[in-house]
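Heads up: the structure comes next, in structure tokens.
The values are calculated or read from the model by the stated rules, or taken from the named source; none is laboratory data. Keep in mind it's a predicted model, so treat the numbers as computed, not measured. Cβ coordinates were reconstructed from backbone atoms using ideal geometry, including for glycine residues, and neighbour counts include every protein chain displayed. Heavy atoms of the whole protein, side chains included, go into the accessibility calculation; ligands, DNA and RNA do not. Shrake-Rupley method; radii C 1.70, N 1.55, O 1.52, S 1.80 Å.
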Amino acid sequence: MELPLFPLGTVLYPGLVLPLHVFEERYRVMVRELLAAEDDRGFGVVAIRAGHEVGADSVGAMYDVGCSADIRQVTPYDDGRYDLLATGGRRFRLHAVSTHRPYLVGEVEWLDEELGEDVTVLAAAAAHAFRGYQRLVAGQDPGTDQELPGDPVVLSYLISAAVVLDVADKHRLLAAPDAAGRLRLVRGLLRRETELLRTLRALPAVDLLRGAAISPS
């Protein structure tokens, strides 16, 4: 199917909240058309590969797995700009990009959400690693740990969004074939980042670790 695309320098995960300030004319057009639609206000968010920040108008300029975004709130400005609050929906694989509209349109294939093998064990291990990472970064006492979701799929996306990583690693997590694979991968990344923090004694931006926003289903 075809999906309007909004390339960004970040990765959106299902269930996560994304604020956007829309100022470029072609994306103003996209928002106006989405708001005028009666049944579908969704668009696709795809991360831009390094070196393609400007002119991301081809499949090669973007990562191949993205996430749909559903508009939840809109604040229009008199000059045509918009502030949007969108929520991540479904993952998709990007096969082709068209420029027949003022904005980019992708030919996409929806991806299923599978649990994978040993997902319960992997979820517990990833949650444990994440709590240790949070304490190290934010200086939390073990007694102040936030409650984590029990659903392995939701947990996999929450941890993936909250840990501070570069876009390439963020995309690897989004593109994982199932929740088990994502939890296994993020656990390894947490171990790597925790060891780096302990060795270098340098902290990433902690605001991302104080609880990533998950939209209610």
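Observations, loosely collected:
- Prolate/oblate/rounded call for segment 62-129, Cα gyration tensor, a/c under 1.5 rounded: oblate
- With both labels modelled 7 Å from their Cα along Cα-to-Cβ, the HIS21 to ALA168 distance reads 3.0 nm.
- Highest average first, the peptides 11-17, 24-30, 146-152 ordered by how many other beta carbon atoms sit within 10 Å of their residues are 11-17, 24-30, 146-152.
- The apolar share of the surface of segment 1-137, taken as the fraction of accessible area on carbon and sulfur atoms (1.4 Å probe, ligands and nucleic acids excluded), comes to 49 percent.
- In this simple spin-label model, placing a label point 7 Å from the Cα along the Cα-to-Cβ direction at both LEU115 and ASP39 gives a separation of 3.2 nm.
- Protection proxy ranking, peptides 154-160, 96-102, 130-136, 65-71, average beta carbon neighbours within 10 Å, highest first: 154-160, 65-71, 130-136, 96-102
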